[in-house]
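Here the structure comes first, spelled out in structure tokens, and everything after it is commentary.
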Amino acid sequence: RESEERFRQIAENIDDVFWMTEPGPIEKVLYVSPAFERVWGRQSSELLANPRVWLAAVHEKDRESVLETYEEFLQGMGDFDIEYRIARPDGSIRWIWDRAFAIRDRDGNIRRVAGLAQDITQRKADEQKKGQLYKEIKHFAYIVSHDLRAPLVNLRGFSRELEMAMSVLRPAVEKGLEQMPQENRREVQLALEEDVTESLEFIKSSIHKMDHLISAILKLSRLERTELDFERLDMNSLVNETLDTFAHEIEEKGIEVRVGVMPDTLADRTSMEQILGNLLGNAIKYLDPKRPGLVKIAGWPHGEENAFRVSDNGLGISESDVERIFEVFQRAGDRAVPGEGMGLAYVRTLVRRHQGRIWCESEPGTGSTFTFTICNHLLPGESDP
Ligand code: ADP
């Protein structure tokens with residue numbers, strides 16, 4: 001009795017709705033905490049009189065699936081852990097996260113059902129806002145990079161025209177210089193030979209750089225948008241095909257490559273080729289020339305996901321850079337190795353589109369390990385939030 005009292009005290013002071021029923025032919029609500037009245041906007045007495053009042057309040061779009069889950073749960077098939085909307089008497093809609101646990105007797109019959117229902121309306125709204133914002137940012141990146149292309153083409157065209165005009169002007173000016181007083185001549189010569197020529201060079205190299213940046217952002221936003229085509233992939237063949245593209249370097253540098261047995265994975269082929277291509281490319285690119293290179297690739301099932309790992313005994317990455325390297329245009333370590341700092345940003349985008357995660361563990365001077373997961377039960381069209 002004492003513990004029941006203590007339990008009541010706790011249940012009555014939480015924001016979530018705690019409830020307990022006695023299932024059976026005559027379903028009975030034994031207890032519901034006061035939060036019910038606030039969340040459902042109905043009297044607890046209504047629920048005590050009619051146990052299915054909570055279900056009647058479930059939004060009609062969710063009602064059928066909620067009822068189905070609940071009935072299955074009562075029959076001992078599956079869990080009751082669901083999110084649904086309720087419509088309150090004042091017409092407002094709330095999102096509920098409801099979980100229930102069966103309390104059974106020795107024979108395995110359900111004697112009581114205890115549940116906890118939480119109002120998650122705010123969380124749902126935040127998630128929706130975040131999803132919307134993410135979509136807008138993706139769209140914005142695409143529009144900006146796409147639209148910046150046109151003025152860039154203009155800049156390139158007009159700087160070429162300026163160069164051509166200069167080649168016409170130059171002999172004329174040089175001729176005119178002969179008639180110019182000595183003291184002005186040097187100034188004009190400097191402007192012509194150095195200022196104009198150098199400025200044009202700067203403009204051209206800036207255009208080139210900007211073109212590079214825009215192309216990279218455009219590629220990233222294309223990766224976010226292209227449709228994925230899921231199929232069951234033989235990962236071992238895919239890894240071997242990817243390694244073939246590096247065969248020359250592997251041979252030349254005498255790199256040892258060890259490939260473990262990997263599980264087949266449901267994924268988009270092009271994405272996986274790019275992910276593996278980038279990770280293996282980096283593993284090879286950032287090896288330490290001072291010791292024999294070793295690159296290992298492994299994969300294993302991990303719950304509903306498959307995990308893959310590419311590790312090397314290369315230069316490694318300092319702790320402060322490990323997170324940063326996945327961001328756009330971020331490079332670390334020795335800048336003598338060519339690259340634009342986009343590879344891992346592409347990889348992270350593709351992994352995310354497969355509902356996966358990627359992370360790196362590394363020690364400078366010892367090597368790096370990149371691990372990523374791929375959700376293995378995706379159906380086509382399910383990849384994006
Ligand atoms: P890039 O190779 O073009 O610089 P990435 O996005 O592929 O661009 O990689 C970002 C940075 O992460 C690299 O500049 C490098 O410093 C570091 N990096 C990536 N992979 C490895 C690796 N296997 N070993 C050591 N450093 C790595």
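The values are calculated or read from the model by the stated rules, or taken from the named source; none is laboratory data. Since we're looking at a predicted model, the values are computed, not measured. Note: ideal-geometry Cβ built from the backbone for every residue, glycine included; neighbour counts use all protein chains shown.
Assorted remarks:
- Residue 283 being assigned to a strand (DSSP E or B), closer than 24 Å to residue 342 by Cα and in contact with a strand residue (DSSP E or B) (Cβ under 6 Å, 6 or more places away or on another chain): no
- Selection within the range 109-140 - within 23 Å of residue 34 (Cβ to Cβ), without any contact (Cβ under 8 Å) to a residue 40 or more places away in the chain and β-branched (Val, Ile, Thr): 120, 121
- Failed item, numbered, when residue 209 is tested on (1) within 31 Å of the chain's Cα centre (by Cα); (2) in contact (Cβ under 8 Å) with a residue 24 or more places away in the chain; (3) in a helix (DSSP H, G or I): (2)
- Flag for residue 243 being closer than 30 Å to residue 364 by Cβ and within 14 Å of the ligand (Cβ to nearest atom): no
- Flag if residue 114 is farther than 30 Å from residue 219 by Cβ and in contact with a His (Cβ under 6 Å, 6 or more places away or on another chain): no
- Screening the range 302-313 for residues that are at pLDDT 95 or above and more than 11 Å from the ligand (Cβ to nearest atom) and picking the one that is nearest to residue 272 (Cα to Cα) gives 308.
- Any chance residue 250 is part of a helix (DSSP H, G or I), more than 23 Å from the chain's Cα centre (by Cα), among the β-branched types (Val, Ile, Thr) and within 16 Å of the ligand (Cβ to nearest atom): yes
- Yes/no for residue 155 being in a helix (DSSP H, G or I), touching a residue at least 24 places away in the same chain (Cβ under 8 Å) and under 40 Å from the mean Cα position of the chain (by Cα): yes
- Counting only helices (runs of 4 or more DSSP H) that fall entirely inside the range 10-128 and contain at least 2 residues that are surrounded by 14 or more Cβ atoms within 10 Å (Cβ to Cβ) and at pLDDT below 90, the qualifying elements are 53-56.
- Which listed residue is modelled with pLDDT under 90 and under 41 Å from the mean Cα position of the chain (by Cα), from 221, 237: 221
- Any chance residue 169 is farther than 30 Å from residue 216 by Cβ and either in contact with a Ser or Thr (Cβ under 7 Å, 6 or more places away or on another chain) or buried (at least 16 other Cβ atoms within 10 Å of the Cβ) (or both): no
- Residue in the range 257-266 that is in a loop (DSSP other than H, G, I, E, B) and either within 14 Å of the ligand (Cβ to nearest atom) or surrounded by 19 or more Cβ atoms within 10 Å (Cβ to Cβ) (or both) present: yes
- Cβ-Cβ under 7 Å pairs, at least 6 apart or on other chains, the range 27-49 side over 14 Å from residue 11 (Cβ atoms), far side assigned to a strand (DSSP E or B): 27/21; 28/21; 28/22; 40/86; 47/29; 47/32; 48/29
- Of residues in the range 148-166 being modelled with pLDDT of 90 or more and charged (D, E, K, R), the one surrounded by the fewest Cβ atoms within 10 Å (Cβ to Cβ): 161
- Of everything listed in (1) under 24 Å from the mean Cα position of the chain (by Cα); (2) free of Cβ contacts under 8 Å to residues at least 40 places away in the same chain, the single unmet condition for residue 287 is (1).
- Selection over the range 257-269 of residues that are more than 15 Å from residue 373 (Cα to Cα) and out of contact with any helix residue (DSSP H, G or I) (no Cβ under 9 Å at 6 or more places or on another chain) gives a count of 1.
- Test: residue in the range 333-348 that is touching a strand residue (DSSP E or B) at 6+ places or on another chain (Cβ under 9 Å), in contact (Cβ under 8 Å) with a residue 40 or more places away in the chain and of a type in the set (Asp, Glu): no
- Subset of the range 314-363 that is assigned to a strand (DSSP E or B) and more than 7 Å from the ligand (Cβ to nearest atom) - its residue that is nearest to the chain's Cα centre (by Cα): 358
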